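Encoded as structure tokens, the structure appears first; notes follow it.
Here, each number is a calculation from the coordinates, and none is a lab measurement. Bear in mind the structure is a predicted one, so any value in this text is a computation, not a measurement. Methodologically, a virtual Cβ is constructed for each residue, glycine included, from the backbone with ideal geometry; neighbour enumeration extends over all protein chains shown.
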Amino acid sequence: MSREAQIQIRDLIVEMMANGVRTGVLTQVEAMAACSGACAAIIATMMLPENHAEALEITIEQLPMQVAAHAAEVAAHRRARAN
């Protein structure tokens with residue numbers, strides 16, 4: 001799968017979750033739990049069982065860095081919009 005396709009899928013999931021939170025269908029915690037459930041389902045159904053542990057390790061290792069990077073991107077966007 002291309003990087004562009006991955007980004008499109010990610011953006012679709014984020015938009016769906018954000019829309020659910022905006023409309024009151026989901027709380028932020030419920031949206032996060034849904035994302036976690038989706039990651040677990042992807043690992044369980046799309047990967048060979050012998051790769052599950054490695055996939056979980058990578059996810060757990062990378063998630064804090066990914067959150068920080070996205071938070072910085074959002075903060076920069078908000079600063080630029082405010083100026």
Open item on the list: Need one number: nm distance between label points at D11 and N83, each 7 Å from Cα along Cα→Cβ, rounded to one decimal.
Closed with: 2.4 nm
- [ ] For segment 2-32 and segment 62-76, write down the distance between their C-alpha centroids in whole Å.
- [x] 15 Å
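What 222 nm value per residue comes from the helices of the chain, counting each DSSP H run with n ≥ 4 as -39,500 (n - 2.57) and dividing by all residues, nearest 500 deg cm²/dmol? Don't skip to the end; give the middle numbers.
Numbers: 3 runs with 70 residues, N = 83.
Rounded to the nearest 500, it is -29500 deg cm²/dmol.
Can you bin segment 7-80 into rounded, prolate or oblate? Criterion: square roots of the alpha carbon gyration tensor eigenvalues sorted a ≥ b ≥ c, rounded for a/c under 1.5, prolate for a/b above b/c, oblate for the rest. Before the final figure, lay out the partial values.
Working: a/c = 2.42, a/b = 1.45, b/c = 1.67.
Judged from the Cα gyration tensor, segment 7-80 comes out oblate (a/c at least 1.5, b/c at or above a/b).
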Open item on the list: Run the simple label-point estimate for L56 and A40 please: 7 Å along Cα→C-beta, distance reported in nm.
Closed with: 1.0 nm
TODO: Please turn the phi angles of segment 26-35 into ³J(HN,Hα) values with the Karplus equation 6.51 cos²θ - 1.76 cosθ + 1.60 (θ = phi - 60°), one per residue in order, whole Hz, x for glycine and proline.
DONE: 10, 7, 4, 5, 5, 5, 5, 5, 5, 5
TODO: Pull out the extension gain between V25 and A76, defined as 0.36 nm times the separation in residues minus the alpha carbon to alpha carbon distance; nm, one decimal.
DONE: 15.5 nm
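Based on Cβ point charges of +1 for Lys and Arg and -1 for Asp and Glu, what charge dipole magnitude is obtained for the chain about its Cα centre, in debye rounded to the nearest 20? Let's see the in-between values first.
Values: 6 positive and 9 negative charges, 112 e Å.
With only Lys, Arg, Asp and Glu charged at Cβ, the dipole is about 540 debye.
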Open item on the list: If I model a spin label as a point 7 Å beyond the Cα along the Cα-Cβ vector, how far apart are those points for M65 and M32 in nm?
Closed with: 2.1 nm
